Amino acid sequence: MWTTTIARCTLPTMLKRSSVLACHALRAGGRPGSPSLHLTWRQLRGHGTQAPAPLPSTALGDSPGVRQVRALEQERLLEVEWEGSGQSLYPYTWLRDNCQCPLCTLQSAQARSLLLSQLDIHTGVDRVQVTDNNKVSIVWPDQHTSEFDPEWLRKRCFSPAARQALQEELFLNERVYWDSELRIPTANFEEVLHDDKAALAWLLALRRVGIVYLKGAPVEQGQVARLSQRIGYLRLTFYGHTWQVQDKSQANNVAYTSGKLSLHTDYPALHYPPGVQFLHCLSQAGEGGESEAVDGFHMADQLRREDPEAFRTLTSLRVDFTDTGSDYCDFMVQSKNHIIDVDSDGRVVRINYNNATRDSVLDLPLHQVQAFYSSLKAYVQLMTRPENMLTYKMEPGDLVTFDNWRLLHGRKSFQSHPDRVRHLEGAYLDWDEVMSRLRILCKSVHGES
């Protein structure tokens, strides 16, 4: 059963169940079969994350009905008072814009039909009432009528706590930070392919932790493509739909050598790098070839605390990356990216760093060059501290899945023997496809909208 591999990654808000992450784990550098890892949200906070904010009382438990509604004419707001306790406020314009009737919404696509040019953004209301079936009914000045289901309204409450909770449900932005002591969450490859609960637990752990190990994949090419079909489709790049990581003569990428690979994210030479990476071990080297990984988000937050100026530099200066060659087709790509991307709230959302493809072109004023190098050096030194770096060795049949926007990964140098030539097959996906499948699985497994 799936519960023997990744056991019920029942994470707060999205699953609205126990706030416990219980994942069967692989010790760093070890083999499967180590004890299950149980992380509560209190423990996760100790790893640098924050627990999601609780939902307001109007959004907890069973769906409360509507006690009464009232139009606040001066504020142009509809006040909904819920049975039990609590109230919510909704702007008139937003309500009219989101009318759910067949004239305003294409039901088969769940898409808005009402044109913005048809929307009176200064509309008032004629009358409001609670219907016999406990829906909120609004008659507008033109006598058009809108009806809203209580649960639909409650989920879209404009209070700060409700908005934060809904965003967490939609995007799962909370992360579990880790270091060299991480036991990698592990699942069975075939169970993930065929069991929705196993697949959901896998993707939840991938989003929260950033790396999940799958054991028992057939030792033949094509398994990363099979796994991608569980989600949707592969991300095609200049290296093809899938690619073979082997020591090659006249290599068109430093990964296709036997040398050491420093910690990096893949493809910062693109303005939109792939979000998720799969690597499947088909054959391991006779000596060396251990994989290395570090939690780039954790290290970025640590840099923010230890060296705020370096953090500001890496989040504000755009760095040039380039990649030129021929594979799936010939290519000459160029990008400008921050080493550390943050959102409008200052939360780290993506790391863009690959020393091999960092361009010799450095489009910075002279007085910022030394500051850039000092800041980048500080970040790299943080990542390469032994206490921060995870090391593991893949064996044939192992398939690792990880967040390419978050993890920086590398490899120790290796020597292949004639009967043991190191060979990994890799592939990419985008986070949009992965999150889409995660939401669909959550709905199918737990019946949530």
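Where residues in the stretch 302-317 are over 23 Å from the mean Cα position of the chain (by Cα) and of a type in the set (Lys, Arg), which of them is least open to solvent (accessible area, probe 1.4 Å)? The extreme case among them is ARG312. Can you report the number of residues in the stretch 289-301 which are open to solvent by 20 Å² or more (accessible area, probe 1.4 Å) and touching a strand residue (DSSP E or B) at 6+ places or on another chain (Cβ under 7 Å)? Qualifying residue count for the region: 2. Restricting attention to the stretch 222-241, the residues that are under 17 Å from PRO274 (Cα atoms), polar (S, T, N, Q) and buried (at least 20 other Cβ atoms within 10 Å of the Cβ) add up to 2.
Here GLY325 fulfils each of the conditions (1) part of a strand (DSSP E or B); (2) closer than 20 Å to TRP405 by Cβ apart from (2).
Somewhere in the stretch 144-165, is a residue within 24 Å of GLU433 (Cβ to Cβ), open to solvent by less than 30 Å² (accessible area, probe 1.4 Å) and touching a helix residue (DSSP H, G or I) at 6+ places or on another chain (Cβ under 7 Å)? No, the stretch 144-165 has no match at all. Right, VAL136: surrounded by 14 or more Cβ atoms within 10 Å (Cβ to Cβ) and within 21 Å of GLY84 (Cβ to Cβ) or not? Considered against the rule, which asks whether it is surrounded by 14 or more Cβ atoms within 10 Å (Cβ to Cβ) and within 21 Å of GLY84 (Cβ to Cβ), VAL136 comes out as yes. Residues in the stretch 66-91 that are open to solvent by 70 Å² or more (accessible area, probe 1.4 Å) and of a type in the set (D, E, K, R): ARG67, ARG70, GLU73, GLU75, ARG76, GLU83.
Restricting the stretch 38-95 to residues that are in contact with a Pro (Cβ under 8 Å, 6 or more places away or on another chain) and at pLDDT below 85 leaves a set whose member that is farthest from MET299 (Cα to Cα) is PRO64. So is GLY210 of a type outside the set (A, V, I, L, M, F, W, C) and either under 17 Å from LEU438 (Cα atoms) or under 17 Å from the mean Cα position of the chain (by Cα) (or both) or not? So GLY210 fits the description; yes.
The values are calculated or read from the model by the stated rules, or taken from the named source; none is laboratory data. For clarity, every value in this text was computed on a predicted model and none was experimentally measured. Every residue, glycine among them, receives a Cβ derived from its backbone with ideal geometry; neighbour counts consider all protein chains shown. What goes into the accessible areas is simple: the full protein's heavy atoms, side chains included, and nothing from ligands, DNA or RNA. Shrake-Rupley method; radii C 1.70, N 1.55, O 1.52, S 1.80 Å.
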